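Undergrad: My questions all concern the structure below.
The values are calculated or read from the model by the stated rules, or taken from the named source; none is laboratory data. Since this is a predicted model, take the numbers as computed values, not measurements. Ideal geometry is used to build each Cβ from the backbone, glycine not excepted, and the neighbour counts take in all protein chains shown. Only protein heavy atoms, including side chains, enter the accessible area calculation; ligands, DNA and RNA are left aside. Shrake-Rupley method; radii C 1.70, N 1.55, O 1.52, S 1.80 Å.
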Amino acid sequence: MEVETLLHGDNYIYLLIDGDEAVVVDPGAAPPVLEALDQHRASLKLILLTHYHGDHTGGCIPLKQASRCRVLGSAGGPIPLDEEVSESRTITFAGLSISVFSVPGHTSHDVAYYVPQAKLLFTGDTLFAGGCGRLFTNDPERLWSSLSRLRALPGDTRVYGGHDYARDNLEFAAALEPENTAIRQRLNGLIKRERMGPPHPPSTLAEECKTNPFLRCDSPEVRVAVNLPEGSAVAVFAELRRRKDHW
Ligand SMILES: [Zn+2]
């Protein structure tokens, strides 16, 4: 199975392709997906939604009409689904199991899709390269707990987030911790790769755990950086999110 990354605006759309069959994660628009399916001569079997913001779902209905694929997502959203998925549901594609993780916090509906055998993690707007999603639930504890759960997965897991925000996120992280050489190196590497063309995911979870401040809210360095040396991880996370919102 291969993963193809499509960039639409600043949204990533992911195609999982196995021979002549494909799955798409968060089709924000239909045309780039149809074009990629055409190139691969693959038919779309399944749409997986991480949450219901329009920039992740805009292509859903036209793609369903064009391919009669099944649409899966969490309960309670505005998109008609063939199946509501929740924690511990497993989907099979290309002989691989795709596990559903409930990861609320960005919205109350968010799920992530994890393919343990291939070490792939599709995180929607919960976890990005170098950052995390905004808190539309106003519930930092929930998002922190969702991120804590994702960071506990194996370090060589490849992370596919929903947006191309890596540069902005890493510049924020570097400003927050100017002495952190791992962040500086990651940012410099990204800037170099940008000169060759737009850099694409994935990053690894190990890289995120080292350089993404939103996964390090229980580290002394990040606590000090937000002036909460004695703060709880949730308090540090909330402050970090607030600063990034206004950055
Ligand atoms: Zn979103």
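Undergrad: Looking at region 7-18 only, could you name the residues that are over 22 Å from residue 53 (Cα atoms) and touching a helix residue (DSSP H, G or I) at 6+ places or on another chain (Cβ under 9 Å)? Reasoning before the result, please.
TA: Residues of region 7-18 over 22 Å from residue 53 (Cα atoms): 17-18.
Residue satisfying the conditions is 17 alone.
Undergrad: When residue 85 is evaluated against the numbered criteria (1) within 16 Å of the ligand (Cβ to nearest atom); (2) closer than 22 Å to residue 58 by Cβ; (3) buried (at least 20 other Cβ atoms within 10 Å of the Cβ), which criterion, by number, is the only one it fails?
TA: With (1) within 16 Å of the ligand (Cβ to nearest atom); (2) closer than 22 Å to residue 58 by Cβ; (3) buried (at least 20 other Cβ atoms within 10 Å of the Cβ) applied to residue 85, the lone miss is (1).
Undergrad: Okay, moving on. Restricting to region 200-247, count the residues that are in a helix (DSSP H, G or I), open to solvent by 40 Å² or more (accessible area, probe 1.4 Å), under 19 Å from residue 160 (Cα atoms) and not basic (Lys, Arg).
TA: Residues in region 200-247 being in a helix (DSSP H, G or I), open to solvent by 40 Å² or more (accessible area, probe 1.4 Å), under 19 Å from residue 160 (Cα atoms) and not basic (Lys, Arg): 3 in total.
Undergrad: May I pose another question? Given the options 107, 123, name the one that is part of a strand (DSSP E or B), modelled with pLDDT of 95 or more, polar (S, T, N, Q) and under 19 Å from residue 50 (Cα atoms).
TA: Numbers: 107 fails: part of a strand (DSSP E or B).
Just one listed residue meets the conditions, 123.
Undergrad: Sticking with this structure for a sec: Quick check on region 33-54: of everything there that is among the hydrophobic types (A, V, I, L, M, F, W, C) and in a helix (DSSP H, G or I), which residue is nearest to the ligand (Cβ to nearest atom)? Give the derivation first.
TA: The first filter runs over region 33-54 and keeps only residues among the hydrophobic types (A, V, I, L, M, F, W, C), leaving 33-34, 36-37, 42, 44, 46-49.
Subsequent filtering for residues that are in a helix (DSSP H, G or I) retains 33-34, 36-37.
Working: 33: 18, 34: 23, 36: 22, 37: 24 Å.
Filtering first and then ranking leaves 33.
Undergrad: Here is a follow-up. Taking the condition crowded, with 18+ Cβ neighbours inside 10 Å and either more than 23 Å from residue 100 (Cβ to Cβ) or out of contact with any Asp or Glu (no Cβ under 9 Å at 6 or more places or on another chain) (or both), does residue 112 pass? Before the answer, list the steps.
TA: Working: crowded, with 18+ Cβ neighbours inside 10 Å: yes; either more than 23 Å from residue 100 (Cβ to Cβ) or out of contact with any Asp or Glu (no Cβ under 9 Å at 6 or more places or on another chain) (or both): yes.
So residue 112 fits the description; yes.
Undergrad: On the basis of being part of a helix (DSSP H, G or I) and open to solvent by 10 Å² or more (accessible area, probe 1.4 Å), does residue 173 make the cut? Quick ask: steps written out before the conclusion?
TA: On the way: part of a helix (DSSP H, G or I): yes; open to solvent by 10 Å² or more (accessible area, probe 1.4 Å): no.
Against the criterion (part of a helix (DSSP H, G or I) and open to solvent by 10 Å² or more (accessible area, probe 1.4 Å)), residue 173 does not qualify.
Undergrad: Here's something else I'd like to know. Among the residues of region 130-153 satisfying the criterion of being over 25 Å from residue 120 (Cβ atoms), in contact (Cβ under 8 Å) with a residue 12 or more places away in the chain and part of a loop (DSSP other than H, G, I, E, B), which is nearest to the ligand (Cβ to nearest atom)?
TA: Taking region 130-153 as the starting set, the residues that turn out to be over 25 Å from residue 120 (Cβ atoms) are 135-141.
From what is left, the residues that are in contact (Cβ under 8 Å) with a residue 12 or more places away in the chain are 135-137, 139-141.
Retained after the next criterion (residues that are part of a loop (DSSP other than H, G, I, E, B)): 135-137, 139.
Working: 135: 11, 136: 7, 137: 11, 139: 15 Å.
That would be 136.
Undergrad: Now for a different question. Can you pull out the residues in region 20-55 that are in contact with a Pro (Cβ under 9 Å, 6 or more places away or on another chain) and open to solvent by 60 Å² or more (accessible area, probe 1.4 Å)?
TA: The answer is 31, 34.
Undergrad: Taking into account only those residues within region 221-231 that are within 20 Å of residue 143 (Cα to Cα) and of a type outside the set (A, V, I, L, M), which is nearest to the chain's Cα centre (by Cα)?
TA: My answer is 223.
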